[in-house]
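K.L.:
Here's a structure for you.
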Amino acid sequence: MAQDLKDGIIDRFRTLPMSGSAVLVGRTNSDLVLNAISMTIMMATGLIVGWRVNTSVPQFLAGAGLLMLFAYAFSWVMALLGMSVRSPEVINNAAFMILFPLTFVSNAFVQPANLPTPLRIFAEWNPVSALVHAARSLFGNQGTAPIPDAWPIQHAVPMVVLGACAMLLVFVPLCVRKFALISSR
């Protein structure tokens, strides 16, 4: 979005008889397709190096669908961020500031029990931790580590679905409003 705004593509769309939200929906849907392709390549690579799905096909599809739902919801967050920064170069730094703590202070790389108390609590309530735990459960790859007692981890699948729906409910209207403000200039 930031690059499209800089290059003037949005100005060209303004002259067309179409809904302003169509640009956003098209952009986030293209992100969804790109994420699906990336996830397929990563899963194929994982299969080559020994990763296996240890559950049924419906559970595997549910896990893949859950990952795609979260990615789609997060693409709306990033679209708003892309429309809010002054240049495309800034988006990398801004995205890093959001993604770094969410990714690295989660259960993706280390069990929350091994973290100091403030970081453990953040990791247990981190939406990425719920997503990681839900995907591991649906793919049948939980491992032997104890599962934290935190509510988001104990109810990971509903937490991810509710969190993604909440992100969509908040960020879709914010994006549409921000896009209307930008395109009216």
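The values are calculated or read from the model by the stated rules, or taken from the named source; none is laboratory data. These figures come from a predicted structure and were not determined experimentally. Cβ sites come from the backbone with ideal geometry, for glycine too, and all protein chains shown count toward neighbours.
K.L.:
Consider Ala145 carefully, then state whether it is without any contact (Cβ under 8 Å) to a residue 40 or more places away in the chain and closer than 25 Å to Asn29 by Cα.
P.N.:
It is false that Ala145 is without any contact (Cβ under 8 Å) to a residue 40 or more places away in the chain and closer than 25 Å to Asn29 by Cα.
K.L.:
Additional query: Taking the residues in region 128-150 that are assigned to a helix (DSSP H, G or I) and in contact with a Phe, Trp or Tyr (Cβ under 8 Å, 6 or more places away or on another chain) as candidates, determine which candidate is surrounded by the fewest Cβ atoms within 10 Å (Cβ to Cβ).
P.N.:
Here the residue is Phe139.
K.L.:
Then there is this: Quick one: Leu168 ticks every box in (1) crowded, with 16+ Cβ neighbours inside 10 Å; (2) touching a residue at least 60 places away in the same chain (Cβ under 8 Å); (3) in a loop (DSSP other than H, G, I, E, B) bar one, so which box is it?
P.N.:
(3)
K.L.:
Look through Ser106, Ser56 and report the one residue that is more than 30 Å from Ile182 (Cβ to Cβ) and buried (at least 18 other Cβ atoms within 10 Å of the Cβ).
P.N.:
Ser106
K.L.:
So, one more: Among the residues of region 33-49, what is the count of those that are aliphatic (A, V, I, L, M), closer than 19 Å to Phe171 by Cβ and surrounded by 15 or more Cβ atoms within 10 Å (Cβ to Cβ)?
P.N.:
Adding up the residues that qualify gives 0.
K.L.:
Moving on. Looking for something in a helix (DSSP H, G or I) and in contact with an Asp or Glu (Cβ under 8 Å, 6 or more places away or on another chain) - is there at least one such residue anywhere in region 108-116?
P.N.:
yes
K.L.:
Just checking, how many residues over region 84-107 are modelled with pLDDT of 85 or more and assigned to a loop (DSSP other than H, G, I, E, B)?
P.N.:
Selection size over region 84-107: 3.
K.L.:
Another question, if that's okay. Is there any pair linking a residue in region 21-41 that is within 16 Å of Gly82 (Cβ to Cβ) to one that is of a type in the set (D, E, K, R) and at pLDDT 95 or above, with Cβ under 8 Å and at least six apart or on different chains, and which?
P.N.:
Hits for this filter: zero, empty list.
K.L.:
Then there's this: Could you list, in sequence order, all residues of region 125-156 that are of a type in the set (Val, Ile, Thr) and farther than 16 Å from Ser106 by Cβ?
P.N.:
Thr144
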